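Structure first, commentary second.
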Amino acid sequence: MGMTMTQKILARHAGLDTVRAGQLIQAKLDLVLGNDITTPVAINEFEAAGFDKVFDKSRIAMVMDHFTPNKDIKAAAQCKQCRQFARKFDIDHYYDVGEMGVEHALLPEKGLVAPGEAVIGADSHTCTYGALGAFSTGVGSTDMGAAMATGQTWFKVPSAIRVELTGTLRPWVSGKDVILSLIGMIGVDGALYQSLEFTGPGVASLTMADRLTISNMAVEAGAKNGIFPVDDVTRAYVAGRVDRPWVADEADPDAEYTRTIHMDLSQIDCTVAYPHLPENAHPAREGADIAIHQIVIGSCTNGRLEDMAAAAEILRGRHLARDVRGIVIPATMAVYRECMKRGYTDIFLDAGCIISTPTCGPCLGGYMGILAAGERCVSTTNRNFVGRMGHVDSEIYLASPAVAAASGVAGHICHPSDL
Ligand code: SF4
């Protein structure tokens, strides 16, 4: 029996010729990631275990993004602890205010993840890097603490679901609509502890931004990871970013999948996940009677330059509806700078939006756009759980940047073509 793409990466990192689903393995890691919320806990575990050195200072990344710039004294103390640890061990990839971005947008942008690599992060959306053909997944802070010392961790090898993509996306439809549609089909536990392996002729038409968004939300279907094959789009993305050798793994022809899901990209339309689960997917066109109070465009899911471009295209020459607040958060400083160069920041400001420094901010209810009871937000983030962005009686509608921007202008959920 052959191996899936994920299993091949895990086997190589475990030093084994072959692995099978359900097998427990010890694997070497190419990168260990933490943020300002999870790293302090990992540091405490690292120190409590008596470790006094890290396995490789060039293979640890710490990104201060969740409550940074610090929203309160506790957040400041957490970042201070991370900063001191990073300085003590001379961590190469420590990103603080002025350099940081939302971690899962920043790491690919900086070339810190390459195809065929194995990455863990103390953050559930670490699965984002599957877009590059890497195995990456979220872990707890204790595992991060141990991995910072040993450079290894254990995995139970996942089985896999094959997602066969055909066709090409229609105008205004993006990777966000693909993954919301898929989660709508299989549910938030539809891929529990499995790999979602995307394949088929439709993959080639998806941009790297589309793939990063899709892999980012694999965990919202319960998946261990979501992974794409390495192709010309991948090679073009890593060129100039990654200067170390990397491996393009392919699933064996006889790899075993628990099921195959077929998705025709040309049949997908703009999709919105209503409260309070990402599986609650509805066509954007059906939301005209849902008045909204805020839009958020940003996050590790949709804060990249392509997302800003889509929002700017909608907002150019338009203004938000009277009772809608618009919050735009470029995910990294490079995205922020490019938005200024391209005139997007002027477009956003003219439309009545504010533009924030990179941060997770409202995505997890931290700051920079918390909702009051009864308020509704169309957000390009990845979770719409009860109270995620504020009051337990507020509502989050997950959508693409184009749909969020169009909804902000219309004052209700709106398909971009209907503006
Ligand atoms: Fe997590 Fe949201 Fe930050 Fe992404 S943007 S890392 S989902 S808090």
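The values are calculated or read from the model by the stated rules, or taken from the named source; none is laboratory data. Note that the coordinates shown come from a computational prediction; the quantities given were computed from them, not determined experimentally. A quick note on method: Cβ atoms are made from the backbone with ideal geometry, for glycine too, and the neighbour counts reach across all protein chains shown. Surface accessibility is based on the protein's heavy atoms, side chains included, excluding ligands, DNA and RNA. Shrake-Rupley method; radii C 1.70, N 1.55, O 1.52, S 1.80 Å.
Summary of values
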read-out: Test: residue in the range 144-158 that is open to solvent by 30 Å² or more (accessible area, probe 1.4 Å), farther than 24 Å from Val54 by Cα, within 16 Å of the ligand (Cβ to nearest atom) and outside any helix (DSSP H, G or I); value: no
read-out: Among residues of the range 319-367, those that are open to solvent by 50 Å² or more (accessible area, probe 1.4 Å), without any contact (Cβ under 8 Å) to a residue 40 or more places away in the chain and either in contact with an Asp or Glu (Cβ under 7 Å, 6 or more places away or on another chain) or within 16 Å of the ligand (Cβ to nearest atom) (or both), counted; value: 1
read-out: Val386 open to solvent by 10 Å² or more (accessible area, probe 1.4 Å) and not hydroxyl-bearing (Ser, Thr, Tyr); value: yes
read-out: Boolean, Ile290 is within 16 Å of the ligand (Cβ to nearest atom) and at negative phi; value: no
read-out: Within the range 49-104, considering residues that are without any contact (Cβ under 8 Å) to a residue 40 or more places away in the chain, among the charged types (D, E, K, R) and in a loop (DSSP other than H, G, I, E, B), the one surrounded by the most Cβ atoms within 10 Å (Cβ to Cβ); value: Asp96
read-out: Residue tally, condition assigned to a helix (DSSP H, G or I) and among the hydrophobic types (A, V, I, L, M, F, W, C), over the range 187-245; value: 12
read-out: Long-range neighbours under 6 Å by Cβ, at least six apart or interchain, first residue basic (Lys, Arg) within the range 238-254, second part of a loop (DSSP other than H, G, I, E, B) and surrounded by 10 or more Cβ atoms within 10 Å (Cβ to Cβ); value: Arg241/Gly111
read-out: Within the range 269-299, tally of residues that are among the hydrophobic types (A, V, I, L, M, F, W, C) and open to solvent by less than 10 Å² (accessible area, probe 1.4 Å); value: 8
read-out: Positions within the range 106-143 being within 16 Å of the ligand (Cβ to nearest atom), part of a helix (DSSP H, G or I) and over 14 Å from the mean Cα position of the chain (by Cα), in sequence order; value: Ser141
read-out: Residue satisfying all of: in the range 20-39; away from the ligand (no atom under 16 Å from the Cβ) and not in a strand (DSSP E or B); least open to solvent (accessible area, probe 1.4 Å) among these; value: Leu29
read-out: Near pairs, Cβ below 8 angstrom, 6+ apart or cross-chain, from the range 377-394 (farther than 19 Å from His66 by Cβ and within 10 Å of the ligand (Cβ to nearest atom)) to any residue that is among the aliphatic types (A, V, I, L, M) and open to solvent by less than 80 Å² (accessible area, probe 1.4 Å); value: none
